[in-house]
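The values are calculated or read from the model by the stated rules, or taken from the named source; none is laboratory data. Everything quoted here is computed from the prediction, not taken from an experiment. We place every Cβ from the backbone using ideal geometry, glycine too, and count neighbours over all the protein chains shown. Heavy atoms of the whole protein, side chains included, go into the accessibility calculation; ligands, DNA and RNA do not. Shrake-Rupley method; radii C 1.70, N 1.55, O 1.52, S 1.80 Å.
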Amino acid sequence: MTGTATREILKLTARPEVISFAGGMPAAERLPCELIRGIADELLGGARARELLQYGQTEGLKDLRAELIEYLGTIGLKAADEQLQVLSGGQQGLDLMCKAFLDKGDVVLVEDPTYLAFLQIVKTYEAIAVGVSADENGLVLGDLEDKLKKYRPKLLYTVPTFSNPTGKTYTAENRKSIIALCERYGVVVIEDDPYGRLRYDGEEVPTMKSFDTSGTVVFISSFSKTVAPSLRVAFAFGEPSLIRKLSIGKQCADVQSPALCQAIVAEYLRRGHFYPTLEKSIAAYRKRKDAFLAALDAYMPDGVRYTRPNGGLFIWAELPKNIDAAAMLPEAVARNVAYIQGCEFYADGGGRNTMRLNFSNSDEQRIDSGVKILSELIKSKL
């Protein structure tokens, strides 16, 4: 086991002079500090204070689960209480899914590239992640079916909306086809959706779960990117029998998610803060995304390709084949710019000439300066 590249690079970029495109953090100024403070003060000063500081149900607070049912309805999903499990961060849901399904030597299919922490989780269960090719529409269906036949995987892991790391979004038709294939081969799909509400351009694409008629998809989402990361409030939505397995696994992990944090998010949703506050964040992030793309267009040399996401927090860059982004990273940090090397996101360690770039946590001026410095470094390698 090793630490994730994201966590390690954040140690290097703690210095204020470093322009970091490495993390996936919301902008600090977009965190709703006063709203959360007001809710917390009321909760701890009210009749429920002792309840919220006591042990509670593993499945989560009833009032939060009720709010989650309402919230899911706003994105086209109809849920029942027994289909929900509150989580301590979306990543816990990924861990509990692996705990429920995987034995040593089992295969999990993932998009190539995919979320690096999920690859690490798979390793902890001594299972094997196998990458599936992707294009502008989503997963390449022929490659997916070939690997479903060859490996007989237990799970398919996807981040279909504003993917981490590429920022891409699967089309509706691609989502339907993936579900149909996984139904045919008896494979459970994890739909990881931490970024789906962060849309800046284009039309909404229905969740994969909305096309699921047989219980094939488990939908996992989080409020880390849309409310506050440190509250660690997330949830899984799936068939009751499967959700029960996650609840049992969570009992062995942390017993319950902190009740106070759950209550804060429940009140935040109930009082109608979520969408109005989110709209302000979307406006700010859209400007930063546009500034980042404008800087890339202005400064990057020929031969560098990058995605143009309609939402999320990331842009994916592919450098000329002769440039090793991992080997170049210390030089970039020495010039006070940081990113995440793309090879960390590949199941087979490929993608040495790629990088993930975050635009949410730097203002437009720092974005322009950082991209210019990074572009000059890349030009020096050509």
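What to note about this one:
- Comparing Gln54, Gln91, Gln256 in a Gaussian network model of the chain (Cα springs below 10 Å), the most mobile by mean-square fluctuation is Gln54.
- FRET E, pair Glu70, Lys280, Förster distance 22 Å, beta-carbon r, rounded to 0.05: 0.55
- By accessible area with a 1.4 Å probe, ligands and nucleic acids excluded, highest first: order of Asp254, Asp302: Asp302, Asp254
- Of Met25, Met328, the order by accessible heavy-atom surface (1.4 Å probe, DNA, RNA and ligands excluded), from most exposed downward, is Met25, Met328.
- Carbon and sulfur %, accessible surface of segment 168-211 computed with the full protein complex present, 1.4 Å: 48 percent
- Taking 16 Å as the cut-off, the amide N atoms of segment 319-350 that come nearer than this to a point 7 Å along the Cα-to-beta-carbon line of Ser380 belong to 323-339.
- Lysines whose Cα lies under 23 Å from that of Lys381, excluding same-chain neighbours fewer than 8 positions away: Lys321, Lys372
- Cα gyration tensor shape for segment 184-242, rounded if a/c is under 1.5, else prolate or oblate: oblate
- Solvent-accessible area per residue in segment 188-313 equals 38 Å², computed with a 1.4 angstrom probe and all protein chains kept.
- Accessible surface of segment 4-106, 1.4 Å probe, proportion on carbon and sulfur as whole %: 53 percent
- Cross-link reach is defined here as a Cα-Cα straight distance under 25 Å, omitting same-chain residues fewer than 8 places apart; for Lys176 the lysines meeting it are Lys78, Lys147, Lys149, Lys150, Lys154, Lys168, Lys209.
- Computed from phi, the 3J(HN,Hα) profile of segment 58-68 under the Karplus parametrisation 6.51, -1.76, 1.60 (θ = phi - 60°) reads 4, 5, x, 4, 4, 5, 5, 4, 5, 5, 5 Hz, with x in place of Gly and Pro.
- Restricting attention to the chain, close to 50% of DSSP beta bridges with both partner residues there are antiparallel.
- Under-5 Å amide H pairs with Ala129, H placed in peptide plane, nonlocal only: Val108
- Aspartates and glutamates with Cα under 14 Å of Lys123, excluding same-chain neighbours fewer than 8 positions away: Asp95, Asp103, Asp106, Glu344, Asp348
- Overall, the chain carries a charge dipole of about 400 debye about its Cα centre when +1 sits on the Cβ of Lys and Arg and -1 on the Cβ of Asp and Glu, all other atoms neutral.
- Per atom type, segment 325-369 shows carbon and sulfur on 41% of its accessible surface, probed at 1.4 Å.
- When you filter the GluC sites (Glu not before Pro) in segment 130-186 for DSSP loop state and at most 13 other Cβ atoms inside 10 Å of their Cβ, you are left with Glu136.
- Of the trypsin sites (Lys or Arg not before Pro) found in segment 260-360, the ones in coil according to DSSP and having at most 12 other Cβ atoms within 10 Å of their Cβ are Arg271, Lys321.
- Computed 3J(HN,Hα) for segment 96-104, one whole-Hz value per residue from the Karplus formula 6.51 cos²θ - 1.76 cosθ + 1.60 where θ = phi - 60°, is 5, 5, 5, 4, 6, 10, 9, 10, 3, glycine and proline marked x.
- The calculated 222 nm mean residue ellipticity attributable to helices in the chain amounts to -13500 deg cm²/dmol, summing -39500 (n - 2.57) over DSSP H runs of n ≥ 4 and dividing by all residues.
- Within a Gaussian network of the chain (alpha carbon springs, distance under 10 Å), most fluctuating of Gly142, Gly215, Gly238: Gly142
- Taken per residue, the accessible surface of segment 58-103 reaches 38 Å², heavy atoms only and a 1.4 Å probe.
- For the residues Cys252, Cys33, Cys343, a 1.4 Å probe over the protein chains yields an accessible-area ranking, largest first, of Cys252, Cys33, Cys343.
- In the chain, a dipole from Cβ-located charges (positive for Lys and Arg, negative for Asp and Glu) runs towards its positive end, and of Ala334, Ala117, Val140 it is Ala334 whose Cα lies farthest in that direction.
- Taking Ser369, Ser247, Ser281 in turn, the Gaussian network model of the chain (Cα-Cα springs below 10 Å) assigns the largest fluctuation to Ser369.
- Among Trp316, Gly89, Leu242 the positive-end extreme of the charge dipole of the chain (Cβ point charges): Gly89
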